[in-house]
Structure formats: structure tokens, C-alpha cells
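Below is one structure, written out as C-alpha cells, with a few remarks after it.
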Amino acid sequence: MNLHLPWVLLKTAWEIVELALIVAGLYLATRLYVRHRQPTWTEPLDRRRVAVLWLFALGATATKITEDALAGESGPIDEGIMFFLHSQVSLGLMDFFEAVSFSASAPALISLTIAGTIALVIAKRRFEATLLAGSVILSSLVLYAVKVIVGRERPALWETQWYWGSSFPSGHTLVVAAFAAASALIVIRLWPVARKFALVVALLWIVLVAFSRMILGVHWPTDVLAAACVGTAIPLGLRFVLEMRWEA
């Protein structure tokens, strides 16, 4: 399939407009529902407007990517990006990306989650401990459920390390996004002055892990993009639910 750049750009721009309209529609529908059915939620919803919009945007983007991946529409673009990255990254950087990938492995994230949760419990920060542990547990459950349901083949463009399960979504990216986003939300809640630092560190970690999975040749770009959206959305949604419950 020969994809011309102007057509790809036009299609991408239209899809962005579609997603923006969907997000706006979801937010307006939610606000109308809350106003008429749950009026006590109106003020808390307004205070969290940005977080709710991000949640809808991440969910809509993940849904769109999933549809394209399952329909096979993302194949040519996925392959093009993979071959480009493979040709641009030198062999000398492979050890670095393997280390980045390991930072998002199950042993590493489980250890960090347990240590972080215990520290928060000892500090009597029950809300934050629930947010961190809950985000990682929920992301893991979502990951395994989607992998089993989708069953997408992993890339076989060059020789790579074997990994269990479906290619879609990227487990490393999804869970590290949940852990990093939850950690950033906790830091912002405890030390608001560190907001920018926490967000930059979380975003950098997620992006590096996502790129490492593609550069190592074990995931398609759509695998990591959908995973990053879902993983980031989980702590945002969980924080909203916990805050509504704590405030009730």
C-alpha cells in the first residue's frame, strides 16, 4: 500500500478533529447528566475539568488506536516507523534501551510499587497508597485481559527477544504509565511546588520505555501508544473516584 504524505497528514488532521469533537461531546453529556441526576457532583466535576477532559481524550485516543490496529489499518504506518527507528538507532545504544525496558519490567515495577505503598502507609497517606497500588493492580488486570482478547502478533521484522502473549498492548508501557502517572499525581498532591518536575519525569520515563519497546523490535507503535493512553488514564480515573468517595 503506497501512502502519500499529504494524504496521511490530511487523514491524521481529520482524525484529531474527530477525537476533539468526541471528547467535547462526552464532557458535555457528562456535565448534563451530573447536573440533572447528581447535582452534588457538579462542583467537584467543575474543579476537575482538566483531569476529566484528559481522561476522555486518553480514552478516545486509545479506542481509536485499538480499532485501527484490530482492523489492520495501522499496519503500513507501524512498519514504516519501526524500520525508521531501527535504521536510526546505533547498536551502541541498545544496552541503554534494554536497561530502560528493564526499568518497566514486572520485577522492577512490583518492587517499586510495594516499596512505595509501604512507605505511604507508614506515613499515614492512605489515599496516596491506595492510588499507587490500585493503579498498578488495575493496569495489570486490564493488560492481561486485553492481551488475551486481542491476540495480535508481535513484530517479526528482525531477530528479537521472545516475550509472552499478544503484542497489543505493550505491557511494559501500560504498567509503567500507570505507575509513573500515579506517582506524579501523588507528588503533586503532597508537594504542589514539584508539579512540573513530577510531570516531566513521568512523561520522560513513559516515552523512553515506549521507544525502547519499539527499538528492541518487540512492539508496534500502536501497541505502545494505546498502552500509554490507557496506563495514564487509569490513575486519573482512579484518583477521581477516590476523591469523590473521600469527599462524600
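Figures for the structure shown
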item	result
Meets criteria (of a type in the set (Ser, Thr, Tyr), crowded, with 22+ Cβ neighbours inside 10 Å, in a helix (DSSP H, G or I) and out of contact with any Gly (no Cβ under 7 Å at 6 or more places or on another chain)) for Thr173	no
Cβ pairs under 9 Å, 6+ apart, first in the stretch 10-33 and closer than 15 Å to Leu53 by Cα, second at pLDDT below 85 and β-branched (Val, Ile, Thr)	Arg31/Thr42
Single match in Val200, Val230 (criterion: touching a residue at least 12 places away in the same chain (Cβ under 8 Å) and part of a helix (DSSP H, G or I))	Val230
Residues located in the stretch 73-84, provided they are of a type in the set (Gly, Ala, Ser) and over 22 Å from the mean Cα position of the chain (by Cα)	Gly80
Residue that is surrounded by the fewest Cβ atoms within 10 Å (Cβ to Cβ), among those in the stretch 185-219 that are in contact with a Lys or Arg (Cβ under 9 Å, 6 or more places away or on another chain) and over 24 Å from Glu98 (Cα atoms)	Leu190
Count of residues meeting criterion [surrounded by fewer than 13 Cβ atoms within 10 Å (Cβ to Cβ) and within 23 Å of the chain's Cα centre (by Cα)] in the stretch 85-113	4
Within the stretch 137-170, considering residues that are of a type in the set (Val, Ile, Thr) and outside any loop (DSSP other than H, G, I, E, B), the one nearest to the chain's Cα centre (by Cα)	Val142
Subset of the stretch 67-84 [surrounded by fewer than 19 Cβ atoms within 10 Å (Cβ to Cβ) and either among the hydroxyl-bearing types (Ser, Thr, Tyr) or within 21 Å of Phe211 (Cβ to Cβ) (or both)]	Asp68, Gly75, Pro76, Ile77, Glu79, Gly80, Ile81, Phe83, Phe84
Selection count, the stretch 176-197, where residues are free of Cβ contacts under 8 Å to residues at least 12 places away in the same chain, assigned to a helix (DSSP H, G or I) and of a type outside the set (D, E, K, R)	6
Within the stretch 119-168, tally of residues that are without any contact (Cβ under 8 Å) to a residue 12 or more places away in the chain, farther than 30 Å from Trp191 by Cα and of a type in the set (Gly, Ala, Ser)	2
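The values are calculated or read from the model by the stated rules, or taken from the named source; none is laboratory data. All values derive from a computational prediction rather than experimental measurement. Virtual Cβ from ideal backbone geometry, glycine too; neighbours counted across all protein chains shown.
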